[in-house]
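The values are calculated or read from the model by the stated rules, or taken from the named source; none is laboratory data. Just so it is clear, the structure is predicted and the values come from calculations on it, not from any experiment. So basically every Cβ, Gly included, is an ideal-geometry build from the backbone, and we count neighbours across all protein chains shown. To get the accessible areas, we keep the full protein, side chains included, count just its heavy atoms, and leave off ligands, DNA and RNA. Shrake-Rupley method; radii C 1.70, N 1.55, O 1.52, S 1.80 Å.
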Amino acid sequence: MDERVHTVTTALDKLLSFPSVVEALGLLFKNTCELNQIIDNGLPKVPIWRTFKLQMDDGGKEYEVYFRQPLECLAALYSNLAFADKMVFAPENQWADEEKRSCLYNKMNTGDWWWQKQYH
């Protein structure tokens, strides 16, 4: 184990050995081992990063491109209940004035494109 990681782990374990700290912070773990188990097993799974190398036609510098599959990302978002109340599926009108003369465009679902795609 890297010496710096060992030092941080030891320091955190010492801090967490005080039950009052764990209780006051409302932590779900009492040591770094339990924290690592939560990270490894308890967090929602996300799509893996993929990579490929790209070189321009002029024979210039080679670039390493990292990406995730968009459909896998959407599936991960839609299946995560933490985002359920943040998801928007319908277009919405937002107005700058009570007379509804001036429309606000501040999110994707307030734009004309979404209305056109949803209802035409």
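For segment 1-38, what are the residues that are surrounded by fewer than 12 Cβ atoms within 10 Å (Cβ to Cβ), of a type in the set (D, E) and modelled with pLDDT of 90 or more?
Result: E23, single match.
On the given criteria, is Y105 in contact with a Gly (Cβ under 6 Å, 6 or more places away or on another chain) and not hydrophobic (A, V, I, L, M, F, W, C)?
Yes, satisfied.
Give segment 57-74 a look and list any residue that's surrounded by 10 or more Cβ atoms within 10 Å (Cβ to Cβ) and either closer than 26 Å to Q116 by Cβ or modelled with pLDDT under 90 (or both), or say none.
If the condition is that a residue be surrounded by 10 or more Cβ atoms within 10 Å (Cβ to Cβ) and either closer than 26 Å to Q116 by Cβ or modelled with pLDDT under 90 (or both), then C73, L74 are the ones that fit.
Among the numbered criteria (1) open to solvent by less than 100 Å² (accessible area, probe 1.4 Å); (2) at pLDDT 90 or above; (3) under 29 Å from Q116 (Cβ atoms), which single criterion is violated by S79?
All conditions pass for S79, except number (2).
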